[in-house]
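The values are calculated or read from the model by the stated rules, or taken from the named source; none is laboratory data. Note that the structure is predicted; figures quoted are calculated from it, not measured. Cβ atoms come from the backbone with ideal geometry, glycine included; neighbour counts cover every protein chain shown. Only protein heavy atoms, including side chains, enter the accessible area calculation; ligands, DNA and RNA are left aside. Shrake-Rupley method; radii C 1.70, N 1.55, O 1.52, S 1.80 Å.
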Amino acid sequence: MPAPVLTSIDLPDFGRSDERPVLPVEVYAARLEALRGRAERDGYARLVVYADREHSANLAWLTGFDPRFEEAILIVAPTGEPLILVGNECSGMAAAAPLPMRRELHQDLSLPGQPRDRSRRLDEILAAEGIARGTHVGVIGWKTYATRASLDAPAFLVDELRGAVGSSGLVENAVGLLIDADDGLRTANEVDQLAVLEWAACRTSDGVRRVLFGLRPGLRESEAVRLLEWDGTPLSCHLMLSAGERARLGLLSPGDRRIEHGDPFTVAFGIWGALNCRAGFVVGDASELQDDRRAYVERLVGPYFAAVAEWYGALHVGQTGGALHEIVERRLGDPFFGIFLNPGHMIGLDEWVNSPIARGSTTELRSGAALQVDIIPATGGPFFTTNIEDGLALADAGLRRDLAAAHPRAWERIQARRSFMANALGIELHPDVLPFSNLPAYLPPFLLSPDRAMTVAAW
């Protein structure tokens, strides 16, 4: 691989779809039956799915419903329509879910101080749904722990479940049925779900592109964030944009501070299905940096881009997470770079579903996997950071044919991105790799020269 260089690059407009692809109702029915099959395999007589505003992705993936303001509980039996328990304010909204469900108002899921005079007790509901002495119950919250005995659902639910099944029953963490990196149902996407993810990535990457090309000193952070043009699509995380010393702290929301020449700067925009992030300095070139930062490209951005390029080039269906981790560890393992999170993860309605990418991981990446390039240096010194966060998917030949046939415009955009990455950036991708971002591996380190970006192409 040639050494990374900074050069002028024409970033094309890859296009976008004006309308969000809609998942067919049949997709939700198929997901429910697949989940029931997994429950039977693992010996669960009932599944209980818990969701709140922050952790609703598993419920939304399964039913198309996500609670607003409140919590929700879904009880799944081997047959029949599941029962969804909702609070005062979601009792009507749940009817919009594409998955047929029985609905019941359970007011303890409502906000503090609201009426609680029209609901059955939770223990009565659980008994009516067949959760009794000796029942094996799998609880789906949002993350796994070292043992299945550890649950992340609230005590008011877990205590009732354990009381209902008694010592002869079982209540354990079953979220792995959905998010296990090896075979979780959510870690391999249907063709129509891939189209939704590509649509989302166009939205977020176009927004970050507008920030990169519209940034200028004197703008307030609160003005710069408007360039994202968030349109009300549900967010997967809060909007992040900060400059100056605040940018070094990470994850902060924009304030009213004016962006100054020479500032470190970072921006991230995530909606259901996608997130994009970039970071750099608010200057035109290295000569405008303070003396202790002028080797920014040579010390940090160049080695980082080389690692990302090799990471991309190693992707394919069947690749192991450990192999991807080894690339980043070999290239960026020096403590100077400060890499401490997994160098990449799975993405879905939530920004981080799980990650198969870890030292020694033997998990093989599956066809249908949606991944996030997410390799974040935290130098803690004058070089600040650099960052490429973009979404992609892996698809074998059959899934690629299905995607091209069902969503030809998305397929054309994917192929245009692949060509750009190969020809302009020098990153050759395996046929399995489908880049979704309209900033595909595009990294301008000096944000007042957004047309100058990193490449490993031979120029």
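At a glance:
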item	result
Within the stretch 71-141, percent of DSSP bridges classed antiparallel, to nearest 5	50 percent
Estimated FRET transfer efficiency (A295, S17; beta-carbon r; R0 51 Å; 0.05)	0.75
Between the stretch 11-25 and the stretch 146-221, the alpha-carbon center distance in angstrom	22 Å
In nm, spacing of pseudo-spin labels at A34 and E428 (7 Å Cα→C-beta vector)	3.3 nm
Rounded to 5, percent antiparallel among DSSP beta bridges of the stretch 28-133	70 percent
Accessible solvent surface per residue of the stretch 332-403, calculated while the other protein chains remain in place, 1.4 angstrom probe, Å²	35 Å²
Per residue solvent-accessible surface (Å²) - the stretch 1-112, probe of 1.4 Å	45 Å²
Convex hull projection area averaged over all views, the stretch 323-459, Cα basis, nm²	9.8 nm²
Extension gain (nm, one decimal) between T79 and E288, 0.36 nm per residue minus Cα-Cα	68.6 nm
Cα radius of gyration and Dmax for the stretch 395-459 (Å)	13.7, 43
Spatial extent of the stretch 235-311: Rg and Dmax, with the Cα atoms as the point set, Å	14.1, 41
q = 0.26 Å⁻¹, the stretch 175-265: log10 I(q)/I(0) [Debye, one scatterer per Cα]	-1.30
Surface share of carbon and sulfur [accessible, 1.4 angstrom probe, percent] for the chain	51 percent
Cα-derived Rg to Rh of the stretch 387-431, Kirkwood definition	0.99
Where N is the number of residues in the stretch 352-391, Cα Rg divided by 2.2 N^0.38 Å	1.50
Solvent-free Debye scattering, log10 I(q)/I(0), computed from the Cα coordinates of the stretch 47-129 at q = 0.21, 0.24 Å⁻¹	-0.95, -1.23
The stretch 99-161 - Rg over Rh from alpha carbon coordinates, Kirkwood radius	0.99
MRE, 222 nm, helices only [DSSP H, n ≥ 4, -39500 (n - 2.57), over the chain, to nearest 500]	-8500 deg cm²/dmol
Globularity index of the chain, i.e. its alpha-carbon radius of gyration over 2.2 N^0.38 Å	1.04
